1. Could you work out the local net charge near A:E513, counting Lys and Arg as +1, Asp and Glu as -1, over the other residues with Cβ closer than 14 Å to its Cβ?
2. Less than 10 Å Cβ to Cβ from A:R158, Lys/Arg counted +1 and Asp/Glu -1: what total charge do the surrounding residues give?
3. Using a cut-off of 18 Å between alpha-carbon atoms, which lysines can reach B:K369, once sequence neighbours fewer than 8 places away in the same chain are excluded?
4. Could you pull out which residues in the range B:196-236 have an amide N less than 16 Å from a spot 7 Å beyond the Cα of B:K419, following the Cα-Cβ vector?
5. When each copy gets a label point 7 Å from Cα toward the beta-carbon at A:A373, what are the spacings between them in nm, shortest first?
6. State the antiparallel share, in %, of DSSP beta bridges confined to the protein assembly as shown, rounding to the nearest 5.
7. How long is the range A:80-198 along each principal axis, judged by its Cα atoms, biggest number first, in Å?
8. I'd like the distance between the alpha-carbon centres of the range B:457-531 and the range A:421-486, rounded to an integer number of Å.
Protein chains: 2
Amino acid sequence: MGEALNGLKRSMMCGEVRETNVSQKITLMGWVQRNRKLGGLQFIDLRDRTGIMQIVFGEEINAEAFEKAKGVRPEYCIAVTGEVVLREAPNENLPTGLVELKCESLKVLSESETPPIYIKEGLDADERIRLKYRYLDLRRPDMQRIFMIRNKATKAVRDYLDNNGFLDIETPMLTKSTPEGARDYLVPSRNYPGMFYALPQSPQIFKQLLMVSGFDKYYQIVKCFRDEDLRANRQPEFTQVDLEMSFVDQDDVMALNEGLIAHVFKEVAGVDVKLPIKRMKYKEAMEKYGSDKPDLRFGMEIMNITEDVKDLDFVVFKSAIENGGSVRALCLKGGANLGRKQIDKLAEFVKTYKAKGLAWLQIKEDGVKSSIAKFLTEEVTNSIVKTTKAEAGDAILIVADKDSVVLQSLGALRLHLAKEFDLIKDKNEFNFTWITEFPLLEYDEEEGRYSAAHHPFTSPMDEDIDLLETNPGAVRAKAYDLVLNGEELGGGSIRIHDSALQKRMFKALGFTEESAQERFGFLIDAFKFGPPPHGGLAFGLDRMIMFLAGTENIKDVIAFPKNQNAFDYLSEAPNIVDKKQLDELGIEIAKKEN
Amino acid sequence: MGEALNGLKRSMMCGEVRETNVSQKITLMGWVQRNRKLGGLQFIDLRDRTGIMQIVFGEEINAEAFEKAKGVRPEYCIAVTGEVVLREAPNENLPTGLVELKCESLKVLSESETPPIYIKEGLDADERIRLKYRYLDLRRPDMQRIFMIRNKATKAVRDYLDNNGFLDIETPMLTKSTPEGARDYLVPSRNYPGMFYALPQSPQIFKQLLMVSGFDKYYQIVKCFRDEDLRANRQPEFTQVDLEMSFVDQDDVMALNEGLIAHVFKEVAGVDVKLPIKRMKYKEAMEKYGSDKPDLRFGMEIMNITEDVKDLDFVVFKSAIENGGSVRALCLKGGANLGRKQIDKLAEFVKTYKAKGLAWLQIKEDGVKSSIAKFLTEEVTNSIVKTTKAEAGDAILIVADKDSVVLQSLGALRLHLAKEFDLIKDKNEFNFTWITEFPLLEYDEEEGRYSAAHHPFTSPMDEDIDLLETNPGAVRAKAYDLVLNGEELGGGSIRIHDSALQKRMFKALGFTEESAQERFGFLIDAFKFGPPPHGGLAFGLDRMIMFLAGTENIKDVIAFPKNQNAFDYLSEAPNIVDKKQLDELGIEIAKKEN
């Protein structure tokens, strides 16, 4: 049973009441956090999205409200009217803790069954239950705070881009399927049975068309879709801050986006991002950190000890070097004390990254201990120690293999050690880096050809253009990623706007003129009509909010997320539909084969 | 072939150059609108989204640029650098018309083929060509202006709602199909073959859940989808300004939205919307204008002459009245001069609205002429003239039938006459009206039961609640539409938050407890946990922009629209997809039956 408002108006929000309101008669509305009996009085903590306010009921204050209050249970939705007074026992921990409301009138707007989860901060409940009762999970103050942060962040993005001449333009959701990139979500067409739309993986082509149209600067905060098996922290539908600019080069796009990021982090988190954001070339990032998104909150760079060990009579090192690979190492400060079991675990860890094993040296007070002691000479040991700058008490952890395996496994080990040994000292640090000069092309071993590392419209660096035909793998792109604390926050590129260069690019990718036209026809056509030089960038908004809100679970920053199988526990989607609906679309459920 | 920017920076936009820039050396970039040879010089009109600037080339200014300029054709994308000087022959019609740029350096950034449509204002080209080459159509200044208006309007909406404590929260695009309302667009699930998501027709249920969660005030500018046969000015994907508020009644929601509309129309169009916006009850709108979205920019109300003619011995009127219907009329000022053919055409017009015919009286200088003269007495004629307030020179146009036919046909005739005889004097008027007190339920003749006029969560008016069981058709809803110049701009309602009342509503709609649970289960469940009183509204953003931009074609306000068959001429979506894609989804194209 619920009482009607009947014209009753809320005066302010629960969390806003202060000493300045003392002796005012106000009306508050919200949810009952708890209801206690104390010294002949009834105390209700009333909650709304702004905070909690104490409401007091008593025989002397108002007998009817007092009686009614006794029956009120947690999560009832109520309205209370009364006078604000100073508390006898102030609560310094609460913004409203100096005052309370003496309730003269109480309306129970709606009752509540006992909720299946606690409405409190830092709840540790089964995720499935939280998702099924998402509307209750979202009542929890820490969840509410996240969506207030998300709201503030998107507003800050929009304000900044608007102030910088960007136009917010919507691109279509029902678009064309292209068998490129990730798997599309398809939408059957009713007007053209047997044909399908695809939900966009990104508005890439449309935003480039908008540049051809002369809109000059475009942005959109837009839903994108990928039907992939969901790794942790991926969702089938996610949100991008997508932008594109005309008549710009790489530095212009990067400068604009640095300003954007600085504005958002300042507005939302009060963080001063030091500009310009430092830059690191892809090659350096890979060599030093084994990653194109290095976490620079701690050091422990990968060091190349190939020269130091090249004459050792150790077959693992030798064959790696002879096959064009390398021997590299991490120096773990204080690692000399690791026990054998701990080191074995690290060896297991690097094996998941295809390393064959982990060699190690421990620089103890009483000398060097090593898994490859019998192959080492004192000279080589000293040389390794010197190159890795190891000191007494440290451990040197070594992988030898082809470069890609060495760098990837040591890069992963570096992050693993940082977590294991708590190497990141300042948990509140926001360490931004641009990664630049990405390879334009990646060699696809399976297909036996090059594919676009970014996408086929990414411009090569001017000085590398002539390598397109002679040494495609060495061509660097005008592409840039913004990395924060070891995560990719966003990325983009300058696009090719010259049709002759675009043709050379398609050729390098193994397209014939016909196959390129078939796949990218309408963009190629558009580029016949005076396309401007242009480039852009897209940020993952969900990830940005994760940083701003300090959560590591993407589901925390999406109001109604899906599980790892793209299932929605709340609405129970996907579900079975009427045969009539399928008939109209001209599709059938495939018979299962036994 | 395109030249690279090579670090060249744009100084300002073309439309921004003024006398204050004289003697400055600047760089502009844009598209060639035209290129003329005149008195040994070359003049290029350079265009970007802000306007046009004249660039002059000459042997004396810079011989190389001059030579290059001769080869430049319309829609080439170029960069020019030079000094701003005063024009010898100023053009007062152009904001930049007092100055020109003496070009010392020209870069052709990209060339253009001859465009298939003219890049000019007010183009009258085949829509199919315009849509196929949408990127060129969007280059036209009038199209660019529309998307700048759209950008400004969405910004104004967001700013206003943000200032009023609304949180921008995203709701899912992949959601549950419910066989209610319009036809869903379906999305096959790969993880659950044979099951489907649906694209949202509106975020209605999710926004109500957000109120249950205590977010208090929610808004979103969001894509919605309806797979319907497209009438003019409908698109399969469209954009809503969607909002919902807690602890409010109808007046609160209406006041907030009046403020929103006034802010947007002021910011974007400089229009002062007089607040409060006038209100009209549904019943009055139907009786006076035969429509729940009356165009109030002109009068010509429908008048009931049943009493005046009830004793006439004219079978058409008689049977209408005897069957519970009525006889009603419009008075067309100056209509006495209409010829027989013109009146016949009006009669044809009302027949498309199921009226059986149109009776008429013309009040001429020399007496009354009428299609029903032989049935009229002088007394009845005078009585009709008095009731309809007709004067010499006017025509009275009459329909007799059951009320719904009479009102609908005269309502339509009223709008038709307004267009035909140009009755709307002020074309720039924005005439806003709220329509209130809508019926809660509509009787569905086919199904033989009541259905929700708005949706099943709409609250009845307090004073009508007890009619739910006794006279459901008479129950009025706490629902409101905002009407502008005869079009519905938006609509909403206060929702039921009391579960006992919700049960009575479901019963009135013919649901059993089980069938209600099956259909609306997760919302019904949510309402067990203290839902707050709440209500909201949704505006059609596309239509709002049509008003602000002064266009009557919805395709003009959507960057990449589809045609009447939901086909995209630009990307050629929908299209055929690989069998592999369908196999993964567990669906097949249905075999055509012969």
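1. Charge balance in the 14 Å sphere: +2.
2. Summing Lys and Arg as +1 and Asp and Glu as -1 gives -3.
3. B:K333, B:K341, B:K345, B:K386, B:K389
4. B:231-234
5. For A:A373, the inter-copy label distances come out at 12.8 nm.
6. 95 percent
7. Taking the Cα atoms of the range A:80-198, the three principal extents are 71, 43, 30 Å.
8. First find each Cα centre; the distance between them is then 56 Å.
Every number in this text was worked out from the coordinates using simple rules, so none of it is lab data. Since the structure is predicted, the reported quantities are computational estimates derived from the model, not experimental observations. Cβ: placed from backbone, ideal geometry, glycine included. Neighbour counts: every protein chain shown.
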